[in-house]
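Encoded as structure tokens, the structure appears first; notes follow it.
Every number in this text was worked out from the coordinates using simple rules, so none of it is lab data. Since we're looking at a predicted model, the values are computed, not measured. Cβ atoms come from the backbone with ideal geometry, glycine included; neighbour counts cover every protein chain shown.
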């Protein structure tokens, strides 16, 4: 009997092959032939699911965003109720808040690889408006996490009352973007431990 192939799994495997190429060789080396070789498939098999390399790029970006978003939503659902309950000590609540926001930083190998691929996608999207909507979805999702976290601090009375919350969300987003960029490109300069320390210090400045 012919082997039954799950189309969704095969498409994800093709996306993973693209990620592997970007990690090892950079985005410039992405092509149908390279993806087929990395995935161990014939080009004809790739074309059964995607007609162009551009189609794979878009699907791979959507896959990356979906994976990261799912992880963030799980983390949010796990930690935020503990913060909103208001039963934690000030120090414990602060550490939990740092834990929550640190999910956006490349502090382990999985997130570091995701960050490398993400930055490569960003450079490609700079000249490819067809990818803009996917990036917009991702930016909205990460901003939602930051806003919800600062709102929780505010509701618990842990945030300075003189702050403009919307402005602070944008400032936090800029900080996390900068930490992500530097720790991804220069991990020997900004280690995961140091990136977390910087994030923690910033949050401390916002506290009462």
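Plainly put, region 1-51 has a radius of gyration that is 1.00 times its Kirkwood radius, both from alpha-carbon atoms, as the Rg/Rh ratio. Spin-label pair residue 123-residue 13: with each label point 7 Å from Cα along the Cα-Cβ axis, the two points sit 3.0 nm from one another.
Is region 94-208 rounded, prolate or oblate when judged by the Cα gyration tensor, a ≥ b ≥ c being the square roots of its eigenvalues, rounded requiring a/c under 1.5 and prolate requiring a/b larger than b/c? It is oblate, given that a/c is not under 1.5 and a/b is not larger than b/c.
With a Förster radius of 25 Å applied to the beta-carbon distance between residue 67 and residue 182, the computed FRET efficiency rounds to 0.60.
Sequence-distant contacts, meaning Cα pairs under 8 Å at least 6 residues apart, place the relative contact order of region 1-51 at 33 percent. Would you give the gap between the C-alpha center of region 4-29 and the C-alpha center of region 129-194, rounded to a whole Å? Distance between centres, Cα-based: 28 Å. Is the chain rounded, prolate or oblate when judged by the Cα gyration tensor, a ≥ b ≥ c being the square roots of its eigenvalues, rounded requiring a/c under 1.5 and prolate requiring a/b larger than b/c? Here the chain falls in the prolate category. Result for the chain in a Gaussian network model with C-alpha springs under 10 Å: among 43, 35, 176, the largest mean-square fluctuation is at 43. Suppose R0 equals 35 Å; then what is the FRET efficiency for residue 78 and residue 33 from their Cβ-Cβ distance, rounded to the nearest 0.05? It comes out at approximately 0.25. By the count of other C-beta atoms within 10 Å, a proxy for reagent exposure, 202, 155 are ordered fewest to most as 155, 202.
Taking only DSSP H segments of four or more residues, each worth -39500 (n - 2.57), what value at 222 nm results for the chain once the sum is divided by all its residues, to the nearest 500 deg cm²/dmol?
It lands at -25000 deg cm²/dmol.
If one takes the longest principal axis of the Cα atoms in the chain, at what angle in degrees, from 0 to 90 and to the nearest 10, does the Cα axis of helix 7-25 lie? Its long axis makes an angle of about 80 degrees.
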